[in-house]
Amino acid sequence: EVTLSYFQKNRQDGLYTAWLGHSSVLINIEGYRILTDPVLERKISILGPSRFKGELPLQIDQIPDLDMILITHNHYDHLNCYSIEKLHDRCPRFLVPLGVGAQLEKWGVPREKITEMDWWESVQVDDNLTVTMTPSQHFSGRGLSDKDVTLWGSYVVKTVKHSVFFSGDSGYFDGFKEIGERYGPFDITFLECGAYNERWQPVHMFPEETVQAHLDLKGKILHPIHWGTFNLSLHAWNDPMIRILKEAEQQKVILATPIAGELLIYGRIIPTQRWWENNQR
């Protein structure tokens, strides 16, 4: 379960994160509460993949009031109708790629809450917080006729004291190095590390590439996402962690490996238990 006391408005003294499964991460960066790609439903589409057997680390009604929701692209495992409908009353601001706002409006999010962004575009929230949409190498679409109609991307979240990078979905590309040069170093990089296949390499990274992307970004702590939640590929559910741990050790990269819901406190607590070795999903 998530220790929700670390995600209250009065907790303005650091950087706290809780992975909620797949690409959903609850972040408190100096009192700004941010949620990424919220997908808090058991089955994400009628024909789509179901969750592995693991329970959700919290119910959607337990999510605290938020300052911002970040959406990286419109695929069903990143943009979920149920979650948006349940959360939008508790969140005043949605940052989304170009073209994605119309989908949110259909689900009841008022247009004035939505900011559509292009690559390299920034939103200066106040004197302390800036959020920038950065490129990723992926694609978009929710049906047969809307491939790449809307944009996709990643995010840089920076305050004076802290910075994080959130990849969304991406194949490995030289954009990570450019983002690292422009905005690094990062305290934490949240990087996709699952649902890979040789045929999908342009749009999803192998775990070894995830480690290289982290190095390109000049990250301090690597936090894998997009793994262990939905059955989206042919590899074993824990294969991403077996491979990324080996590569991280070789490259001397600090790897955060929380079980869903476990708290990471930057500078104090980095979950490193190899829980997937004994946990039979």
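The values are calculated or read from the model by the stated rules, or taken from the named source; none is laboratory data. All values reported here derive from a predicted model rather than from experimental measurement. Glycine also receives a Cβ, built like all others from the backbone with ideal geometry; neighbour counts cover every protein chain displayed. Heavy atoms of the whole protein, side chains included, go into the accessibility calculation; ligands, DNA and RNA do not. Shrake-Rupley method; radii C 1.70, N 1.55, O 1.52, S 1.80 Å.
Summary of computed values
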| read-out | value |
| --- | --- |
| Long-range amide H partners of Ser140 with built H, under 5 Å | Asp148 |
| For region 69-78, 3J(HN,Hα) per residue [Karplus equation, 6.51 cos²θ - 1.76 cosθ + 1.60, θ = phi - 60°, Hz, x = Gly/Pro] | 10, 9, 10, 8, 5, 9, 5, 4, 7, 10 |
| Accessible carbon and sulfur surface of the chain relative to its total accessible area, %, 1.4 Å | 49 percent |
| DSSP-assigned coil residues among trypsin sites (Lys or Arg not before Pro) in region 223-265, each with at most 16 further Cβ atoms within 10 Å | Lys252 |
| Contour excess over end-to-end distance, with Cα ends at Lys246 and Phe139 and 0.36 nm allotted per residue | 35.6 nm |
| Accessible area (Å², per residue) of the chain, counting only protein heavy atoms and a probe of 1.4 Å | 42 Å² |
| Region 192-279, relative contact order in percent, only Cα pairs under 8 angstrom and at least six apart counted | 28 percent |
| Leu234-Val160 FRET efficiency (beta carbon distance; Förster radius 51 Å; 0.05 resolution) | 0.70 |
| Separation of alpha-carbon centers, region 57-126 and region 194-239, rounded to whole Å | 24 Å |
| HN-Hα J in Hz across region 257-263 - Karplus 6.51, -1.76, 1.60, θ = phi - 60°, x for Gly and Pro | 10, x, 6, 3, x, 6, 7 |
| Lys106 paired with Ile265, simple spin-label distance in nm, labels 7 Å along Cα-to-beta-carbon | 4.4 nm |
| Relative contact order computed over region 116-254 (Cα-Cα under 8 Å; 6+ residues apart), in percent | 18 percent |
| Region 1-145: antiparallel DSSP beta bridges as a percent of all, rounded to 5 | 60 percent |
| DSSP beta bridges in region 180-281 [antiparallel fraction, %, rounded to 5] | 10 percent |
| Convex hull of the chain built on C-alpha atoms - directionally averaged projected area, nm² | 13.5 nm² |
| Distance-filtered residues of region 66-82 - backbone nitrogen under 15 Å, label point 7 angstrom along Val125 Cα→Cβ | 66-71 |
| Mean separation of Cα contacts under 8 Å, 6 or more apart, over the residue count of the chain: relative contact order % | 18 percent |
| Volume of the Cα convex hull of region 163-247, divided per residue and given in Å³ | 77 Å³ |
| The chain - share of DSSP beta bridges that are antiparallel (%, nearest 5) | 60 percent |
| Student exercise, region 146-281 dipole from Lys, Arg, Asp, Glu Cβ charges, in Debye to nearest 20 | 480 debye |
